[in-house]
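Heads up, the thing below is written out as structure tokens.
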Amino acid sequence: MKPNVDLLHSVWNNSREFVSKKEVALEGLTLDDLTKSIFTNGPFYYFIVDFFDMKINHMSPSVKDIHGFDPDSVVFQDILDEIHPDDMMFVAKAEAAVWDLIFNKIDRSSNKKYKVSYCFRLKTRDGTYQLFHHQGIILTTDEEGNIGKSLNVHTNINHLTAQNNYKVSVIGMLGEPSYMDIPLTFGDQKFLSTKQLLFSKREIEILKLMAGGMISTEIADKLCISINTVNTHRKNIMKKGNCKTLAQLIIKCVTEGVIQQ
């Protein structure tokens, strides 16, 4: 059964006032550099979509391994058709809440400093549905702050968890506040910001290395700090994350979009 993609198209069509009426060119963009700024903990692909005409501008070759699509001919609709039918309503509500927050609650001059994060199931090349982590960043805006192009990264996290937490986060970068657990309802909402579980910059750095499989001695060597310092940070990270195991912490941080540059 195909997902009801009309739900998503309806959300985007109702938000056309926030979309640029012209194509906005990318300036000095290096996709490899951009994707390094987004944490991935599994097989992933990325693409750029232009909301002006809803066409894909760039698609990474890894989409072939994950979905079986030819990166040179795949279209945006192909990706949307892979969404699990039971997750489509959540994705539509997530997009509606995100657009409402970014364009009605946040200063438009700052909207390129935010990363959208939520999860949903996608059909993979072998025909099975697996849980993916979606991350999106606005790349270009016009003179009025309306969206042009956005970078989207889909990471397969089914090896971490197959349970979707059905939460949406808009993560502030470059010192901007973050908005976690956004209510998935329409209309006027009051959004509360958070400081990403209160992790410090160093703790985020160590957390990413932990998620990458490094042990304390390896982290100490890489960061040129003592192992005692690493272990102290690890204890603080686990306490702040309110998790009993590292696996629980990584799953929580990945699915809620906490781990980032």
> Out of all the residues in the range 169-177, is one or more over 26 Å from V98 (Cα atoms) and either outside the structural domain of S109 (by TED's automatic domain parsing) or modelled with pLDDT of 85 or more (or both)?
Replying inline: no
> If you take the residues in the range 5-34 that are modelled with pLDDT under 70 and assigned to a helix (DSSP H, G or I), which one is surrounded by the most Cβ atoms within 10 Å (Cβ to Cβ)?
Replying inline: L8
> Within the range 214-261, which residues are surrounded by fewer than 12 Cβ atoms within 10 Å (Cβ to Cβ), in contact with a helix residue (DSSP H, G or I) (Cβ under 9 Å, 6 or more places away or on another chain) and not in a loop (DSSP other than H, G, I, E, B)?
Replying inline: T217, N228
> Considering only the range 52-77, how many residues are in contact with an Asp or Glu (Cβ under 7 Å, 6 or more places away or on another chain) and assigned to a helix (DSSP H, G or I)?
Replying inline: 2
> Looking at K252, K208, K235, K195, which one is among the charged types (D, E, K, R), farther than 30 Å from E23 by Cβ and modelled with pLDDT of 85 or more?
Replying inline: K235
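The values are calculated or read from the model by the stated rules, or taken from the named source; none is laboratory data. Note that this is a predicted model, so its numbers are computed, not measured. As a convention, Cβ positions derive from the backbone with ideal geometry for all residues, glycine included, and neighbour counts pool all protein chains shown.
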